[in-house]
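Report on the following structure.
The values are calculated or read from the model by the stated rules, or taken from the named source; none is laboratory data. For clarity, every value in this text was computed on a predicted model and none was experimentally measured. Every residue, glycine among them, receives a Cβ derived from its backbone with ideal geometry; neighbour counts consider all protein chains shown. The protein model used for the area step is the full one, side chains on, heavy atoms only, and it has no ligands, DNA or RNA in it. Shrake-Rupley method; radii C 1.70, N 1.55, O 1.52, S 1.80 Å.
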2 protein chains.
Amino acid sequence: MKFCSACGHPVTRRIPDGDTLPRAVCDACNTIHYVNPKVIVGCVPEWEDGRVLMCRRDIEPRRGKWTFPAGFLEIGETSGEGAARETREESMAEVEMGEVFCVFNVPRIHQVYLLHRARLLRPDFGPTPESSEVCLMREDEIPWDEIAFPTVWHGLRYFFADRAAGRPGFRSMDI
Amino acid sequence: MKFCSACGHPVTRRIPDGDTLPRAVCDACNTIHYVNPKVIVGCVPEWEDGRVLMCRRDIEPRRGKWTFPAGFLEIGETSGEGAARETREESMAEVEMGEVFCVFNVPRIHQVYLLHRARLLRPDFGPTPESSEVCLMREDEIPWDEIAFPTVWHGLRYFFADRAAGRPGFRSMDI
């Protein structure tokens, strides 16, 4: 950040009065510009035969790798609403959103992941501008070596472990 | 946002190519400015006799009302690290951070809350620039009508309910 987004004046970087960290501060209009981690929301959409919906990324980063639907939480959404929107955008599928089952901190890239269980409502899905392939996979069909991000890998592992154990669990982890 | 924080040019508000929501876009340097919800991290610090650490806010909003330590997650922190930092800033107390036990979506104010259990390491704490009073409270001493925010109220209720049930649980809720 080089310029104040409120007035257009150049900002300076300093610790504001009463604060403990350096911020971009505007000396013209006194706005303090905070930058904070972002929330990624996602879900594992499960079909009635136990298969889960996976998308092959057709956008960078990690184009060609596999993920469940996930993306940035937007203003005004709950994590469940955001995960349902991402599912629609990436796979054209409609889901009934379930509970949060993973919270992952990824401080190196300034992200917090919230992952939900979800129920795929109909077996209607397909490729989109964001996904070159969308398909249902059994656990033994998951391409573990071709997963887009560590958060997706761990989320899927936890999802299947909980299902095998017969009880929905919750995990938080720093990655 | 009226001006581009990268180049200082006025921004326009429109839906970028390939996107679905209007964003502040700079037509001079092509930067798209995303605005996303923020993460609030907090913890319920428990002393060895079962009392929990509460702070009376000495800053707006809700000055004079009670809360456990909580605040905005900063860049580079995990939720546990952020909650420990907030505990230090608001109460001068040191904690051993425990697990996430609540995820609250508060979409109206663009916030996601992550609340941790925590163990107060020493009975050393006191007022700070952010808290006019800091004290240990038994469950029956919590001023339920003087709690700063609904998220704090629900978090405390869940904390005590889980403790009474003898098993650490996890809740997610939209508020």
Seminar exercise, completed: (1) in contact with a Pro (Cβ under 7 Å, 6 or more places away or on another chain); (2) at negative phi; (3) open to solvent by 50 Å² or more (accessible area, probe 1.4 Å) all hold for residue A:42 apart from (3)
For this session: Would you check if residue A:167 is assigned to a helix (DSSP H, G or I), open to solvent by 60 Å² or more (accessible area, probe 1.4 Å) and over 14 Å from residue A:53 (Cα atoms)?
Result: no
For this session: Would you mind telling me which numbered condition in (1) surrounded by 12 or more Cβ atoms within 10 Å (Cβ to Cβ); (2) out of contact with any Asp or Glu (no Cβ under 8 Å at 6 or more places or on another chain); (3) over 30 Å from residue A:151 (Cα atoms) residue A:9 fails?
Result: (2)
For this session: Those residues that are under 12 Å from the mean Cα position of the chain (by Cα) and among the basic types (Lys, Arg), I need them from the range A:75-90; list them, please.
Result: A:85
Exercise. What pairs can you find where one residue is in the range B:15-36 and closer than 13 Å to residue B:5 by Cα and without any contact (Cβ under 8 Å) to a residue 12 or more places away in the chain, the other is surrounded by fewer than 13 Cβ atoms within 10 Å (Cβ to Cβ) and of a type outside the set (Ser, Thr, Tyr), and their Cβ atoms are less than 7 Å apart, with a gap of 6+ or different chains?
Worked result: none
Exercise. For the range A:130-147, what are the residues that are surrounded by 18 or more Cβ atoms within 10 Å (Cβ to Cβ) and either outside the structural domain of residue A:99 (by TED's automatic domain parsing) or in contact with a Gly (Cβ under 8 Å, 6 or more places away or on another chain) (or both)?
Worked result: A:134
For this session: Would you be able to say whether some residue in the range A:148-160 is open to solvent by 30 Å² or more (accessible area, probe 1.4 Å), more than 19 Å from the chain's Cα centre (by Cα) and not aliphatic (A, V, I, L, M)?
Result: no
Problem set entry | Scan of the range B:93-109 for residues that are touching a Pro at 6+ places or on another chain (Cβ under 7 Å) and of a type in the set (A, V, I, L, M), ordered by number | B:93, B:95
Exercise. Pick from A:48, A:74: which is within 14 Å of chain B (Cβ to nearest Cβ), charged (D, E, K, R) and within 30 Å of residue A:137 (Cα to Cα)?
Worked result: A:74
For this session: Please work out which one of (1) more than 30 Å from residue A:174 (Cα to Cα); (2) open to solvent by 20 Å² or more (accessible area, probe 1.4 Å); (3) within 13 Å of chain A (Cβ to nearest Cβ) is the condition residue B:62 fails and give its number.
Result: (3)
Exercise. If you go through the range B:95-109 one residue at a time, how many are open to solvent by 10 Å² or more (accessible area, probe 1.4 Å), facing chain A (nearest Cβ under 9 Å) and touching a His at 6+ places or on another chain (Cβ under 7 Å)?
Worked result: 1
For this session: Given the conditions (1) under 18 Å from the mean Cα position of the chain (by Cα); (2) away from chain A (no Cβ under 14 Å); (3) under 12 Å from residue B:56 (Cα atoms), report the number of the one that residue B:128 does not fulfil.
Result: (2)
For this session: Give me a count of the residues in the range A:95-125 that are in contact (Cβ under 8 Å) with a residue 60 or more places away in the chain, over 13 Å from the mean Cα position of the chain (by Cα) and in a loop (DSSP other than H, G, I, E, B).
Result: 2
Exercise. Does at least one position in the range B:137-144 carry a residue that is part of a strand (DSSP E or B) and within 14 Å of chain A (Cβ to nearest Cβ)?
Worked result: no
For this session: Please find, within the range B:110-129, the residue that is surrounded by the most Cβ atoms within 10 Å (Cβ to Cβ) out of those that are within 30 Å of residue A:40 (Cα to Cα) and either out of contact with any strand residue (DSSP E or B) (no Cβ under 6 Å at 6 or more places or on another chain) or of a type in the set (Lys, Arg) (or both).
Result: B:117
Exercise. Hey, among B:29, B:43, B:7, which residue is within 14 Å of chain A (Cβ to nearest Cβ) and assigned to a strand (DSSP E or B)?
Worked result: B:43
Exercise. Among the residues of the range B:84-94, is any buried (at least 17 other Cβ atoms within 10 Å of the Cβ) and part of a loop (DSSP other than H, G, I, E, B)?
Worked result: yes
Problem set entry | Set B:52, B:25, B:35: member being touching a strand residue (DSSP E or B) at 6+ places or on another chain (Cβ under 8 Å), crowded, with 22+ Cβ neighbours inside 10 Å and not aromatic (Phe, Trp, Tyr) | B:52
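Could we say that residue B:64 is of a type in the set (Gly, Ala, Ser) and under 20 Å from the mean Cα position of the chain (by Cα) here?
Yes, satisfied.
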